[in-house]
Amino acid sequence: MTTSAVANKLVGYCKQGQFAEAIGTLYSDDIVSIEPNGDPVKEVRGLEAVKQKTADFNNMVEAVHGNKVSEPIVGDNYFECTMTMELTFKGAPRSTREEVCLYQVNNGKLTRKEFLFYPHVPRLKTIKKPLAFKKTGRYYPPKKVSNSFKVSVEV
């Protein structure tokens with residue numbers, strides 16, 4: 001199967017929410033799956049590990065409210081698409097997860113997938129002690145943090 005054919009099949013499966021079917025038919029046995037820094041699992045290798053990671057993700061989700069997937073953009077043996085999922089994670093409010101999905105195809109199978117998104121972390125509401133500002137124009141945490149340093153978190 002060509003890269004374009006794999007890309008179109010994957011996007012079709014994803015638009016229908018048929019992720020398990022996509023994994024079972026399009027992923028190679030030695031696939032590598034990469035998530036951004038800050039995600040609980042950064043990298044897994046192998047089809048069975050990807051299936052387990054997918055099951056673990058599904059167990060964290062209380063409800064899926066919607067799913068949108070763009071048409072793929074293909075170049076050589078790579079393609080990318082964007083995915084937007086409207087989700088409610090267990091114990092959390094409803095949220096939107098937007099990501100860029102980058103895939104590599106070899107011998108008609110997906111051998112690498114990388115999801116690029118900003119991991120969901122609580123937003124900082126207030127900081128009681130200011131961060132140090134250096135000449136570079138970037139903020140850095142203070143070198144010594146006392147016990148009085150408190151952060152209020154909005155969930």
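The values are calculated or read from the model by the stated rules, or taken from the named source; none is laboratory data. The shown structure was predicted, so the numbers you read here are calculated from the model rather than taken from an experiment. Don't worry about glycine lacking a Cβ; one is built from the backbone with ideal geometry, like all the others, and counts go over all protein chains shown.
For residue 130, the criteria (1) exposed (fewer than 13 other Cβ atoms within 10 Å of the Cβ); (2) modelled with pLDDT of 90 or more hold in every case but one, which is (2). Restricting region 1-48 to residues that are small (Gly, Ala, Ser) and touching a Pro at 6+ places or on another chain (Cβ under 6 Å), the residue that is surrounded by the most Cβ atoms within 10 Å (Cβ to Cβ) is 7. Count of region 55-94 residues, restricted to those that are of a type in the set (Gly, Ala, Ser) and assigned to a strand (DSSP E or B), is 3.
Being modelled with pLDDT of 90 or more and farther than 17 Å from residue 98 by Cα: is that true of residue 51 here? For residue 51, the condition - modelled with pLDDT of 90 or more and farther than 17 Å from residue 98 by Cα - is met. Here residue 24 meets each of (1) under 17 Å from the mean Cα position of the chain (by Cα); (2) free of Cβ contacts under 8 Å to residues at least 24 places away in the same chain with one exception, condition (1). Listed conditions (1) out of contact with any Asp or Glu (no Cβ under 8 Å at 6 or more places or on another chain); (2) touching a residue at least 60 places away in the same chain (Cβ under 8 Å); (3) over 18 Å from residue 3 (Cβ atoms) are all met by residue 34, apart from (1).
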